[in-house]
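Chemist: I'd like to ask you about the structure that follows.
What follows is calculated from the coordinates using simple rules that are stated; it is not laboratory data. Please read these numbers as outputs of a predicted model, since none were measured by experiment. A quick note on method: Cβ atoms are made from the backbone with ideal geometry, for glycine too, and the neighbour counts reach across all protein chains shown.
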Amino acid sequence: MSTRSYNQYCGLAYALDRVGERWTLLIVRELVAGPRRFTDLIDGLPGISTNLLTTRLKDLEQWGLVKRRVLLPPAGSTVYELTPLGRGLESALLELGRWGSQFVPPTWEGAALLRLGSYALTFKTFFREDLAQDVYETYELHIDNDVLQVQIQDGAIDVRQGQISVPDAVFHLSMEVFMALMGRRLPPDQAIKQGLVEVEGEAAALGRLLALCGLPEEPADDAACLQVKNVA
């Protein structure tokens, strides 16, 4: 475990002693939606080395923020997951993500697009609790080999990796289309009409999901929509 410390009698300083190192909070981000294997974490954290990830996970385990668990057969894989103490960071991550979103550039050119599970916090960051009252729906997204479920229950949201419950609507799409939809650069009805999203269930459910969890809506840009069509 790293012995570096700010050595200040302050709650923020003690928090940074534990999670202030480079990559640490992004590892926590990866684990918010559920357990991940070491290889999953490597895939979700482009740029991190295996040695550094091993070191950060060891520190998080020793601080009591992360624990290891072996899945039952036939999987039998070792996974990392947040402890209740580690999960207590979620609200802080949401606020940081909300604050940091003002610095996100309008396009992802030059930046790495992540795996679907890495964006689990995005749904929670922009969730509109007031619009979700009396809504009871589960949405399931499929991108490449990743599956993410977003469950809305009367003003509350839960996001989990994998197929946890029976969904009301299932969406199959690419990561580029997902980012364009969440960023409001592509209208959901146009995405479906152009065949960029395959929907199982009610087509209007995609619009409801974006209204509840997408970025604030802005007028669609035709050029941006065309670009998404070309890369999908």
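Chemist: Let's test this: bin the Cα-Cα distances of the stretch 15-87 at 5 Å from zero up to the farthest pair and state each bin's percent.
Modeler: Using 5 Å bins, I get a P(r) of 3, 16, 31, 27, 15, 5, 2, 0 for the stretch 15-87.
Chemist: Mark the label point 7 Å from the Cα of GLU200 along Cα→Cβ and return the residues of the stretch 159-189 whose backbone N is within less than 19 Å of it.
Modeler: 160-175, 178, by backbone N distance to the label point.
Chemist: What aspartates and glutamates does LYS124 reach when the alpha-carbon gap must be under 13 Å and sequence neighbours fewer than 8 apart in one chain are set aside?
Modeler: Partners found: GLU90, GLU95, ASP158.
Chemist: Report the gain in length on full extension from GLU81 to ARG128: 0.36 nm times residue separation, minus Cα-Cα distance, nm rounded to one decimal. Walk me through the intermediate numbers first.
Modeler: Numbers: separation 47, 0.36 × 47 = 16.92 nm, distance 2.71 nm.
Additional length available on full extension: 14.2 nm.
Chemist: Where the only charges are on Cβ atoms (+1 Lys, Arg; -1 Asp, Glu), what is the dipole of the chain about its Cα centre, to the nearest 20 debye?
Modeler: On the way: 22 positive and 30 negative charges, 223 e Å.
Using only the charged Cβ atoms, the result is roughly 1060 debye.
Chemist: Explain nothing, just the number: dipole magnitude of the stretch 11-103 about its Cα centre with +1 on each Lys and Arg Cβ and -1 on each Asp and Glu Cβ, in debye rounded to the nearest 20. Don't skip to the answer; put the middle values down first.
Modeler: Numbers: 12 positive and 10 negative charges, 31 e Å.
With Lys and Arg at +1 and Asp and Glu at -1, about 140 debye.
Chemist: Can you figure out the FRET efficiency of THR50 with SER5, using R₀ = 30 Å and their beta-carbon distance, to the nearest 0.05? List each step's numbers first, then the result.
Modeler: Numbers: r = 26 Å, r/R0 = 0.87.
It comes to 0.70.
Chemist: Taking the Cα centre of the stretch 107-170 as origin, sum charge times position over the Cβ atoms of Lys and Arg (+1) and Asp and Glu (-1), and report the length of that vector in debye to the nearest 20.
Modeler: On the way: 4 positive and 11 negative charges, 52 e Å.
Using only the charged Cβ atoms, the result is roughly 260 debye.
Chemist: If you don't mind, there's one more thing I want to ask. Report the semi-axes of the equivalent ellipsoid for the chain in whole Å, largest first, where each axis is √(5λ) for an eigenvalue λ of the Cα gyration tensor. Present the calculation step by step, with values, prior to reporting the outcome.
Modeler: Values: eigenvalues 206, 79, 65 Å².
Largest first, the chain gives 32, 20, 18 Å.
Chemist: For the stretch 95-145, with the dipole built from +1 on Lys and Arg beta-carbon atoms and -1 on Asp and Glu ones, taken about the Cα centre, which of PRO106, THR122, GLN133 lies farthest toward the positive end?
Modeler: It is PRO106, whose Cα lies furthest towards the positive end.
Chemist: What residues qualify as long-range amide H neighbours of ARG37, i.e. H under 5 Å apart, gap of 5 or more or another chain, H built at 1.01 Å from N?
Modeler: So ARG37 has HN proximity to TYR80.
Chemist: Stick to Cα atoms and the Kirkwood definition of Rh, then tell me Rg/Rh for the stretch 116-231. Walk me through the intermediate numbers first.
Modeler: Working: Rg = 13.2 Å, Rh = 14.1 Å.
Computed over Cα atoms, the ratio is 0.93.
Chemist: Starting from the 7 Å offset along Cα-to-Cβ, what nm value, one decimal, do you get for the label separation of LEU72 and ILE164?
Modeler: 1.8
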